[in-house]
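What follows is a single structure, written as structure tokens, with notes after it.
The values are calculated or read from the model by the stated rules, or taken from the named source; none is laboratory data. For clarity, every value in this text was computed on a predicted model and none was experimentally measured. Cβ sites come from the backbone with ideal geometry, for glycine too, and all protein chains shown count toward neighbours. Heavy atoms of the whole protein, side chains included, go into the accessibility calculation; ligands, DNA and RNA do not. Shrake-Rupley method; radii C 1.70, N 1.55, O 1.52, S 1.80 Å.
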Amino acid sequence: MLKRYRFRPGWITTLVFIVLLPILISLGFWQLDRAGQKTELRDRYAARGRMEPVDVNRRALDADEMDFRRATARGRYRADRTIYLDNQVLHGTPGYHVLTPLALDGVDDGAPFLLVNRGWVPWGESRSTLPALDTPSGEVEVSGRLRAPSQGYFTLADETAGGGFQPLWQNLDLERYADAAGLAVSPLVLELDPDTQGAEGFVRRWRDYDDAWIDRHKAYAVQWFALALTLVVLYVALNLEKRKPEHE
């Protein structure tokens, strides 16, 4: 049956084919590479979570090496430098994440302050009044998971504007916080363990590493490869020409 057809590609369709096919294939392999990178990152963070906790009082924190590590710390809270991180929604209820700096006792190395995310609280009766919170006044020992704040955010205004220290923040930038609070803080935030004593009244449901993109990247790769295959089929089909009978 194939003998009744001959392949006679036109130069325009061939040019389009030569240009598009490598692009589609490379996009597919790029998505597979992204999936592999995020799989490696997920496994690395999971392994860190199984390591012995870091003693923040005795070791300086490196944001690249300590992200997702468990840690312990001792010190006293600076309630006057507490910030409320806005737009934190839990089960459809808007609220804040409350972060308070901990003045570390007897620091051997590293920054003298560690910002502690104490958990989520609802907005309350009015957006114009921040929730009143109790903060332990004495020495505390806390434990939790170290996290590097996300840098992928968009802000409409300078959160330090208006004069003086402002407790309500839209996004967390540790460098900007250090300047506003006048404190030398570590490059990581401690997400407080749910069962920490003296930390009642907060909801602490911390997100694990979001590996949903791993499957998405793989799905996108399949789509790009499918488009490449479709392009090949179309190229062949559009350039097949039925032979004329020899007796004509």
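For this structure, a couple of remarks:
- For the chain, the longest principal axis of the alpha carbon atoms and the long axis of helix 212-238 meet at an angle near 10°.
- Given charges at beta-carbon only (K, R positive; D, E negative), |dipole| of the range 56-95 in Debye: 400
- Taking only protein heavy atoms and a 1.4 Å probe, the accessible area of the chain is 55% carbon and sulfur.
- In the context of the full set of protein chains, residues of the range 35-146 present 50 Å² of accessible surface per residue (probe radius 1.4 Å, heavy atoms only).
- Residue among PHE17, LEU104, THR93 farthest towards the positive dipole end of the chain, charges placed on Cβ: PHE17
- Gyration tensor verdict on the range 36-105 (Cα atoms; rounded if a/c is under 1.5, prolate if a/b is larger than b/c, oblate otherwise): oblate
- Against the empirical curve 2.2 N^0.38 Å, the C-alpha radius of gyration of the chain lands at a ratio of 1.58.
- Computed over the alpha-carbon pairs of the range 72-117, the distance histogram in 5 Å steps reads 5, 22, 22, 17, 12, 11, 6, 3, 1 percent, short to long.
- ARG216 sits among other residues whose Cβ lies under 11 Å from its own Cβ, and their net charge, with Lys and Arg +1 and Asp and Glu -1, is 0.
- The chain, dipole about Cα centre (Lys/Arg Cβ +1, Asp/Glu Cβ -1), debye to the nearest 20: 1760
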